[in-house]
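Beneath this line is the structure, given in structure tokens, with notes to follow.
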Amino acid sequence: MGLLHIIRKVKCKEHEIRLLLVGLDNAGKTTIVKRISGEDASTVSPTLGFNIKTLEFGGYQLNVWDVGGQKTLRPYWRNYFEQTDGLVWVVDSTDRRRLADCAEELGKLLLEERLAGATLLIMANKQDVPGALSAEAIREALQLDSLVGRQWSIVACSAVNGSGLLEGFQWMVQDVASRIYLLD
Amino acid sequence: MVKREQQQQACVIEVLDAPVAAAAAGSERERVLGRLAEREEQRTATTARRLEELEVTADPRESVDAFLEEFAERRQQLEAALSAAAAGEPGSGTAELTALAKQIADLEKAVADATYFLPAYDLRQATLALAALREQQEAAAAALQPRKRFAFNRKAAAPKEPEGDAASSDTTSSNGALATGPPASSQPQQDMQLPAEQQSAGQQQGAAISGPDSGNSQGSTISGLRGQVLILSREDAAGKEFTLSDLEECTIYLLAPLAALFLHGLRRCRVYTGPVAGACFVEGASDSTLMIAARQVRIHSAAATDFYLRVRSHPIIEHSAGLRFAPYAPAYPGAQRDLEEQGLAEDGAAMWRQVNDFGWLRATCSPHWTVLPESERAAVPAAAAALPAA
């Protein structure tokens, strides 16, 4: 209890939240980060490695870790699990073919001990593309309703037109803050 | 110290006395003998006292003999208990075994505590005996409860929970949560293959593609064709998300701006597209020629394929080999205007040749791709150019 208390106090002072943004390649993770930080997203290359973005949001400092999702990079995700407060899983809603892959990778991630306490936000991205799967369909395909003992939410969003991003991050920050910054 | 000085003094006195004693009567002899006896008594008393003192100050726990004796006794007890437990019924005696394991641990600790005074040989013997005991205990435990090995609960329990949920929801509703494992992957695939089959049936007659009626009305899939030529003009394709999968020896023209493009499993195909607003995702292509303009291009598991690209970012390749890259050429009348609308009017930075290979994270050039020599670059076939401008 003592250590936990100290950690809480330190985090409280810093008002920092660490978010890990992962998902299959081509999901739009970097584009989301660029969009919320107001940068040009049209020249985003597939991420080779990772990007870190620090944002001010609702009085908190968000450290967003955006890690590349290519198959060759997925084994490295584990290096970013430590001290993650919130996990953002980005899904390409137009990619029906790899939805099973997506569910499998998410399943693996959620078994990670170091992510056990992290809040989970699923972003059903690319809703601007005609014919994209609805958030409801993705919720079913990822079997989110069978998740036990985890705070989670799913939001339909589009990094291109910006819809849904704000509410998603708002929910995430609120949930993490209510958990970590109990003392406020 | 004081005592020893006194004794020395006594000796000196005796020596000094000696001539006097010799001069005295023979009865003196008796006196000397008596004195000698007295001194002998004194000496034994002091050694006894010294020993006693030593015993008081010494730690009785540091006695090697006592320790070895006790160790042998406990070891025998444990061995007997272990063989008794091992002889029991499978599934029984778990509590006893745990208790025994604890006793072994205690004994280990005792030996560890004794290391500083035990002779090296005895210590080695004790350690060996302990290892044997430990092994015996583990063997007994494995025999009695083969599956119950130590494991973190979360990992073992987590897959079970959804299974239970899925099973229960299966009984209540047919389209409830998906089951884990193979069934999970089968359902989404079914969803996709259904429209695909519908389409390929339509394709055989050479008809232009139309989006499947059920499910996604905007996304289109072209799948399972062999040796066909397919031309989709602006009316058929504009603004849609396209999936081309499992095609062999086909030539596909998608001559309109697209929303997104997925290419899966193309063999000996030629694909010409208009500008893709989003990303183009290629997985599994061989001996093909692909001409693509897009915001992003990802190429996975491709081999011996030529790419004519115009990209706004670095194209990437992964698990691929033998790829060649060349710049994109507008594939149809009016293409330039579409390209401009997507911000792909020109490729000033020559992104098409700045390929990132995720399977080659070194400073040297990746061996998996090369730039296609200009002399070998193919022109867009006339079929596309002949198409009426939209």
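Brief remarks on what is shown
- Checklist (1) in contact (Cβ under 8 Å) with a residue 24 or more places away in the chain; (2) within 36 Å of the chain's Cα centre (by Cα); (3) surrounded by 22 or more Cβ atoms within 10 Å (Cβ to Cβ) applied to B:TYR332, failing item: (2)
- Yes/no for B:ARG377 being closer than 22 Å to A:VAL160 by Cα, open to solvent by 40 Å² or more (accessible area, probe 1.4 Å) and more than 14 Å from chain A (Cβ to nearest Cβ): no
- Sole residue being open to solvent by less than 10 Å² (accessible area, probe 1.4 Å) and within 11 Å of chain A (Cβ to nearest Cβ), chosen from B:LEU254, B:LEU266, B:LEU261: B:LEU261
- Of all residues in segment B:335-357, those satisfying the criterion of being free of Cβ contacts under 8 Å to residues at least 40 places away in the same chain and under 41 Å from the mean Cα position of the chain (by Cα) are B:ALA349, B:ALA350, B:ARG353.
- The lone exception for B:GLY219 - which of (1) away from chain A (no Cβ under 14 Å); (2) open to solvent by less than 10 Å² (accessible area, probe 1.4 Å); (3) modelled with pLDDT under 90 it fails: (1)
- For segment B:348-358, the criterion of being of a type in the set (D, E, K, R), open to solvent by 60 Å² or more (accessible area, probe 1.4 Å), at pLDDT 80 or above and farther than 21 Å from B:ALA303 by Cα is met by no residue.
- The set of residues from segment A:95-120 being small (Gly, Ala, Ser) and either in contact with a strand residue (DSSP E or B) (Cβ under 8 Å, 6 or more places away or on another chain) or farther than 19 Å from A:LYS71 by Cβ (or both) comprises A:ALA116, A:GLY117, A:ALA118.
- Cross-chain or 6+ apart pairs with Cβ under 8 Å, segment B:32-56 first and free of Cβ contacts under 8 Å to residues at least 60 places away in the same chain, then open to solvent by 100 Å² or more (accessible area, probe 1.4 Å): B:THR46/B:LYS3
- One residue stands out among those in segment A:72-118 that are among the polar types (S, T, N, Q) and surrounded by fewer than 24 Cβ atoms within 10 Å (Cβ to Cβ): the one that is nearest to the other protein chains (Cβ to nearest Cβ), which is A:THR72.
- Taken over segment A:154-184, the criterion of being surrounded by fewer than 17 Cβ atoms within 10 Å (Cβ to Cβ) and of a type in the set (S, T, N, Q) is satisfied by A:ASN161, A:SER163, A:GLN170, A:GLN174, A:SER178.
- Selection from segment A:30-52 of residues that are buried (at least 18 other Cβ atoms within 10 Å of the Cβ) and away from chain B (no Cβ under 14 Å): A:VAL33, A:ILE36
- Yes/no for B:ARG377 being basic (Lys, Arg) and more than 16 Å from B:TYR308 (Cβ to Cβ): no
- When restricted to residues that are away from every other protein chain (no Cβ under 14 Å) and at pLDDT 90 or above, segment B:230-246 contains 0.
The values are calculated or read from the model by the stated rules, or taken from the named source; none is laboratory data. Everything quoted here is computed from the prediction, not taken from an experiment. Positions of Cβ are generated from backbone atoms using ideal geometry, with glycine treated the same way; all protein chains shown enter the neighbour counts. Protein only, heavy atoms only, side chains kept; ligands, DNA and RNA dropped before computing areas. Shrake-Rupley method; radii C 1.70, N 1.55, O 1.52, S 1.80 Å.
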